[in-house]
Amino acid sequence: MKSSKTVEFPFHKKFLSIAGPWLELIQAILFLAFGVLTLANGALAFRFLQLAASAGLLIAGGARFVQMLASQKKLAALLTAAGFIALAVLIAIYPKLFAFPTALVFGLWFVISGIARGTIAVQCWIQDLEGKFRNSFAALLSLAFGVSLIVNPALRLHTVFTIAGIYLVLYSAVLLLDFVSGLFLSNQVGDRIKRRVRIAVPMFITTFIPSRLIDDFNRYFATHQEEGGVIREANKEDGKKPPLEVFIHLSDEGFGRMGHVDICLDDTVYSYGCYDNHAHRFFGMASDGTVAVAPFGPYIKHCLTFENKVLVGFGLNITQKEREVVEKQLQSLREVLVPWKSDLEKKREGQQVKGDCTDPASELVKATGASIYKVSSGPFRKYFAINTNCVKLADSIIGPAGLDILRVNAIATPGSYLSMLNEMFERGNTIVTQRTIYADKKRGKTLAQKLAKKAAKK
């Protein structure tokens, strides 16, 4: 594995650690200005978005034209460019052509959010968890608004802009608070300002961040075959690895493209998920809650080689007091854990098991010697992909130690956590002091070989 160095990855912004607070101020002003404009004159804001969409299509069409022209597809390049230009002109000239799909997209978003909130509400009622009434009300409101927007988009579109305007104003206020705390309070307050109110980025955006990022990494490693191992960036040059680290898993396969979150204290990884494949429901969206505890080195190697993942690790520089909080949260978790054995362990003990013990839990135990437990009580007794998931558990443990984020109407996803941690690292004055890319050394060569085979077939 390689030593620390800086690499131009897709989300790398090397100037943000210096100019972070001032960029937050600029962003706050821009969001505030557009939010006020949207509230004051929705028609003008809509016209601006309409022209912006038209311009975006022209730029995208031009980029696609150049790309296809370079690959000697002249006729296809001309037809593609003509199509983009025609669509851009139509959107610029005819507002209804832009209004209807906009209303439809927002309507579908609210319907999907309502269904997600409804399933969370059902889980809360069944397991007697907090949030029964809140999630039920949010589900009904989202569904009602989404359906009405789809049925009658012209009548309800102005309501969308009102909501969007309020969202932008609130988001600008959050950025302004971050600017003030980052610029004036970071060196004047003895203890950290732990609680930050965050306006959540919409779930349909954050959900697909890991998927897009793994594609970006694949393109990078395919053209930089010498890269791999551990590539680390640090805001503090003391050379020490923080004792607490959060891993975001990026995968090419199936539901793995949505990401996964683990935490690691010292050299022990804690991974929450649905390791009991016999208890899976709804394609693994729901299951018994299980926690795997594994040693750092073997666990990372297993993820990179056998599972063919890329991990993004965020190091948290915690104080002794904050460490004690994390350890207390972990102890509370251990108190509700009961040992559970994978098929491989049962087979080793002479029990009869079906299959060849190639399920994820058995492979993890084989490669790392991990111990796996079931959660016997509490909110994490049942794993549910959009509520009591890996992000929620990680946040419940490390949140009180300095990542205690109050999210407004947020459904926790690995993408939202990655976005938050990356933002905190880029700002340069937070608890997140290191960002590390873990990738198999052979990944670049393997990807390059796959691309070469595809090109040869064509």
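With the requirement that a residue be surrounded by fewer than 10 Cβ atoms within 10 Å (Cβ to Cβ) and among the small types (Gly, Ala, Ser), what does segment 349-359 give you?
350
Of the residues examined, residue 346 is one that is over 22 Å from residue 266 (Cα atoms) and either open to solvent by 30 Å² or more (accessible area, probe 1.4 Å) or aromatic (Phe, Trp, Tyr) (or both).
Residue-level check: of (1) part of a strand (DSSP E or B); (2) in contact with a Pro (Cβ under 8 Å, 6 or more places away or on another chain), residue 339 misses just (2).
For residue 384, the stated conditions do not hold, so it cannot be described as touching a Lys or Arg at 6+ places or on another chain (Cβ under 7 Å), among the aromatic types (Phe, Trp, Tyr) and surrounded by 21 or more Cβ atoms within 10 Å (Cβ to Cβ). Summed over segment 111-147, the residues that are charged (D, E, K, R) and either more than 18 Å from residue 380 (Cα to Cα) or not in a loop (DSSP other than H, G, I, E, B) (or both) give a count of 3.
Looking at 42, 107, just one residue is touching a His at 6+ places or on another chain (Cβ under 7 Å) and open to solvent by less than 30 Å² (accessible area, probe 1.4 Å), and that residue is 42.
Within segment 424-446, residues that are farther than 13 Å from residue 242 by Cα sit with their Cβ atoms under 6 Å from residues that are open to solvent by 40 Å² or more (accessible area, probe 1.4 Å) and assigned to a helix (DSSP H, G or I), at 6+ positions apart or across chains, in these pairs: 428/17; 440/305. Being closer than 30 Å to residue 413 by Cα, among the small types (Gly, Ala, Ser) and open to solvent by less than 50 Å² (accessible area, probe 1.4 Å), is that true of even one residue in segment 72-94? Among the residues of segment 72-94, not one is closer than 30 Å to residue 413 by Cα, among the small types (Gly, Ala, Ser) and open to solvent by less than 50 Å² (accessible area, probe 1.4 Å), which makes the answer no. The residues of segment 274-327 that are in a strand (DSSP E or B), under 18 Å from residue 245 (Cα atoms) and in contact with a helix residue (DSSP H, G or I) (Cβ under 8 Å, 6 or more places away or on another chain), listed by number, are 291, 292, 294, 295, 310, 311, 312, 314, 316.
Looking at segment 265-279, which of its residues are loosely packed, with under 15 Cβ neighbours inside 10 Å and closer than 21 Å to residue 339 by Cα? Once the filter is applied, which keeps residues that are loosely packed, with under 15 Cβ neighbours inside 10 Å and closer than 21 Å to residue 339 by Cα, segment 265-279 yields 267, 268, 278.
Among the residues of segment 432-442, those identified as buried (at least 20 other Cβ atoms within 10 Å of the Cβ) and either modelled with pLDDT under 85 or closer than 16 Å to residue 248 by Cβ (or both) are 432, 434, 435, 437, 438, 439. Taking segment 304-340 as the range and being open to solvent by 90 Å² or more (accessible area, probe 1.4 Å) and in contact with a strand residue (DSSP E or B) (Cβ under 9 Å, 6 or more places away or on another chain) as the test, the residues that pass are 334, 339.
Pairs linking a residue in segment 78-92 that is under 14 Å from residue 51 (Cβ atoms) to a residue that is open to solvent by 60 Å² or more (accessible area, probe 1.4 Å), with Cβ atoms under 7 Å and 6 or more positions apart or on different chains, are 88/58; 90/97; 91/97; 92/51.
Looking at 364, 344, can you tell me which residue is under 17 Å from residue 278 (Cβ atoms), more than 30 Å from the chain's Cα centre (by Cα) and not in a loop (DSSP other than H, G, I, E, B)?
344
Give the residue, chosen from 307, 327, that is within 20 Å of residue 418 (Cβ to Cβ) and of a type in the set (D, E, K, R).
Only one candidate qualifies: 307.
The values are calculated or read from the model by the stated rules, or taken from the named source; none is laboratory data. Computed from a predicted model, the values in this text were never measured in an experiment. Every residue, glycine among them, receives a Cβ derived from its backbone with ideal geometry; neighbour counts consider all protein chains shown. Areas reflect the complete protein model, heavy atoms only, side chains present, ligands, DNA and RNA absent. Shrake-Rupley method; radii C 1.70, N 1.55, O 1.52, S 1.80 Å.
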